[in-house]
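The values are calculated or read from the model by the stated rules, or taken from the named source; none is laboratory data. Bear in mind that the values here come from a model prediction, so they are computed numbers and not experimental data. Heads up, the Cβs are rebuilt from the backbone with ideal geometry, glycines too, and the neighbour counts pull from every protein chain shown.
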Amino acid sequence: MLRRLPRKARQLRRDRRGTAAVEFAVILPVLLAIWAGMTELAHALDEWRKLTVLARTVADLTAQGDTKNPISTPLMTDIFASATTVMRPFNTADAKIVVSAMGVGLSGSTLIPTVCSSYATGNATPRSTGLATGLTVPPGYQTLGMRYVLAEVSIPYAPMIGSALVKLAKGVSGTITFSSVVPWPTRGGKTYGNNIYTEVVLPGANAAACDKSAP
């Protein structure tokens, strides 16, 4: 019996049966993790891309104005409703949209804009009118008297393959908030005061043009 042990040991060392199965079992979790990560990344990029398109759509439609100033509330409701079509197949129930009519003063700094009027979906808060110290006029709009529309859109993103991965990455919660901010030149509305640029005025109880003129 003892004499046969060395021979059995040599045979066992040369035996390669089951090697492939063991190697596959070791590498399978890695392959699954790569597949899950690529799938999640593609899904997240698609939703972020659609969110950017939504911000551009809202800004463009608002910048065209209405047949009157301020823009009617039903028209703004229809513009916000475009989110359902633009974001499909993603759920837009938690999407927040804030659109603001922005202006650059006729004199002084061209870097800090003024919020002339603002409107938002029911789950969001419109910007307060007045000097927007937290914002900077985008390049290309830094001209005295310039008027433009600023669309700010955000939506929470919950990973398809479990939120535990996000918790590990972010250390806070199981969701990520995607956001997009798009400025758009005003193409509708009317001029007010001494300004040569047209301005759209958004709905509101105290809606007024940037120079405080009554629409």
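A few points about this structure:
- Restricting region 155-192 to residues that are surrounded by fewer than 16 Cβ atoms within 10 Å (Cβ to Cβ), among the aliphatic types (A, V, I, L, M) and in contact with a helix residue (DSSP H, G or I) (Cβ under 6 Å, 6 or more places away or on another chain), the residue that is modelled with the lowest pLDDT is ILE161.
- Residue in region 95-115 that is in a loop (DSSP other than H, G, I, E, B), crowded, with 17+ Cβ neighbours inside 10 Å and in contact with a helix residue (DSSP H, G or I) (Cβ under 6 Å, 6 or more places away or on another chain) present: yes
- Lone unmet requirement of (1) exposed (fewer than 14 other Cβ atoms within 10 Å of the Cβ); (2) modelled with pLDDT under 90; (3) farther than 16 Å from GLY188 by Cβ for LYS68: (3)
- Qualifying residue in region 86-94 (condition: small (Gly, Ala, Ser) and assigned to a helix (DSSP H, G or I)): no
- If you check VAL149, VAL137 for being surrounded by 13 or more Cβ atoms within 10 Å (Cβ to Cβ) and either charged (D, E, K, R) or not in a loop (DSSP other than H, G, I, E, B) (or both), only one passes: VAL149.
- Filter result for THR125 (without any contact (Cβ under 8 Å) to a residue 40 or more places away in the chain and either touching a strand residue (DSSP E or B) at 6+ places or on another chain (Cβ under 8 Å) or acidic (Asp, Glu) (or both)): yes
- Near pairs, Cβ below 6 angstrom, 6+ apart or cross-chain, from region 32-56 (under 17 Å from PRO183 (Cα atoms)) to any residue that is of a type outside the set (Gly, Ala, Ser) and part of a helix (DSSP H, G or I): LYS50/MET87; VAL53/VAL86; LEU54/VAL86; LEU54/MET87
- Taking the numbered list (1) over 21 Å from LEU61 (Cβ atoms); (2) at pLDDT 90 or above; (3) hydroxyl-bearing (Ser, Thr, Tyr) in turn, THR133 passes all entries but (2).
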